[in-house]
Each structure stands twice: as C-alpha cells, then as structure tokens.
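Below is one structure; the comments refer to it alone.
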Amino acid sequence: MTIWQLLKAGGFTIYILLACSVLSLTIIIERLKYYRKRSRIRRVDFMLKVSKELEKEELGKALVICQNTDTPFSKVVHSGLALYGHSEVLISNTMEREITIEANKLESYTSIVGTIGSIAVYVGLFGTVSGIIRAFHDISLSGAGGISVVINGISEALACTAVGLCVAIPAVVAYNYFIKKIDSFISDMELCASETMDLLSAKKK
C-alpha cells in the first residue's frame, strides 16, 4: 500500500494522526535541544566554582559565573546569592520560587506530547472501527458476501490503528524521558539551593 493509498483508505482519521505526529515530533525535537543545552554543565563543577569565589570573598564573580551559565540551577543559585545579607527565610523562599519558575519552563509543552501518546491509539482505533463499519455497509449494499469481499476493506481500516501506534509509541517514550529529565533538573536545583544556603551561612560567620 502506497502512502497515498494509505491516506485515502484511512480518511480524515489519518490526517488527524499525521497532524498529531508533526506536532509531537516538533515538540520532541525542541525539548531535546532545550534539555541538552542546559545539561552541558555538571552541578558539582558549577557549585565548586561558585564556592571557590565565595571563599575568596568574591561575591560579584560568583554572580557572574551564575549569569554566564545557562542552566536552571544556576538561576536558582543566582537568585539566592543576589540577596546576600538578607534573612535566610527570604533567601530560601526566593530560591524556592525560582525552582518553581524553572520547573514550569522545563515542563512547557511536554503535556501535549503525553496527551498525543495517550490518545493517538484511540484515534487510530476510531478510524479502524469507522472503516470496518463502512466496509460492512458496502457489503450490505452490494449484496455480496464472503471473506474475499470483506478482507480488503478491513485491511485498509486497520491501517488507522497501525498509524496510531506509530504516532503513540514515540510520544509515550519521549514523554517518559522528559519526566525523568525534569525530575533530574529539579533535584539538581534543590541540591544547589541547599548548598547555597550552607555557603551563605558559612560566609556570615
């Protein structure tokens, strides 16, 4: 079956699935690039640089390091260091808010991929059921019967399920990867926030 025959056999359901596939792949590629760019710096190496500057009483240089590092945890640390001299409660609350802001950025569009992964199979199944109903309706109109009459219509209808699976499987895999990656980023941000509080407390003494 050629691509054109597949599109013709599946009807409007195939077009819906193709639109979902394009949207899903676009978001997957965008998110992978986004996460990869922000995963180049290791948390341990970053915090080591910041702690060395703070030990030398170079708060300004530590802030510059944060500004020049494009990762979620660097923004959390920057928000805390920028409030040096204020109360620990204020610094802690500010960093917690920054963690929430960065987590929301990391989660952007991922729910769309998860939704496509959940519904694509059912959309394909809907197309299959509609195709089978249409095939049997054609049989009733023609008055002919037998497996030779039904098999072609059913095979074309099942194409919708096949396409639905092709759309759903990559979306589900990508969504699960995104969730794991986001959890890793959040864990790094929380650890950095805790380390920053310790560094600022030690600096006051």
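The values are calculated or read from the model by the stated rules, or taken from the named source; none is laboratory data. In this text the structure is predicted, and so the values were computed from the model without any measurement. When we count neighbours, we look across all protein chains shown, and the Cβ atoms used for this are built from the backbone with ideal geometry, even at glycine.
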Next item on the list: List the number of the failed condition for residue 125; all other conditions in (1) surrounded by 13 or more Cβ atoms within 10 Å (Cβ to Cβ); (2) under 30 Å from residue 86 (Cα atoms); (3) modelled with pLDDT under 95 hold.
Entry: (2)
Item checked: Residues that are part of a helix (DSSP H, G or I) and either β-branched (Val, Ile, Thr) or surrounded by 12 or more Cβ atoms within 10 Å (Cβ to Cβ) (or both), drawn from the stretch 28-47 -> 28, 29, 30, 31, 32, 34, 35, 43, 44, 46, 47
Next item on the list: Considering (1) outside any helix (DSSP H, G or I); (2) in contact with a Pro (Cβ under 8 Å, 6 or more places away or on another chain); (3) not charged (D, E, K, R), say which one residue 25 fails and leave the rest.
Entry: (1)
Item checked: The listed residue being in contact (Cβ under 8 Å) with a residue 12 or more places away in the chain, in contact with an Asp or Glu (Cβ under 7 Å, 6 or more places away or on another chain) and basic (Lys, Arg), out of 75, 61, 105, 49 -> 75
Item checked: Candidate set: the stretch 157-205, residues that are surrounded by 22 or more Cβ atoms within 10 Å (Cβ to Cβ), closer than 30 Å to residue 136 by Cα and within 20 Å of the chain's Cα centre (by Cα); chosen: the one modelled with the lowest pLDDT -> 164
Next item on the list: Write out, first by first residue and then by second, each pair whose Cβ atoms fall under 6 Å of each other, whose residues are 6+ apart or on separate chains, and whose first residue, in the stretch 11-28, is of a type in the set (Val, Ile, Thr) while the second is at pLDDT 95 or above and assigned to a helix (DSSP H, G or I).
Entry: 27/112; 27/113; 28/174
Next item on the list: Write out, first by first residue and then by second, each pair whose Cβ atoms fall under 6 Å of each other, whose residues are 6+ apart or on separate chains, and whose first residue, in the stretch 170-195, is assigned to a helix (DSSP H, G or I) while the second is surrounded by fewer than 18 Cβ atoms within 10 Å (Cβ to Cβ) and among the aromatic types (Phe, Trp, Tyr).
Entry: 181/35
Check: Given the conditions (1) hydrophobic (A, V, I, L, M, F, W, C); (2) within 22 Å of residue 202 (Cα to Cα); (3) in contact with a Gly (Cβ under 6 Å, 6 or more places away or on another chain), and given that residue 120 satisfies all but one, which numbered condition is not satisfied?
Finding: (2)
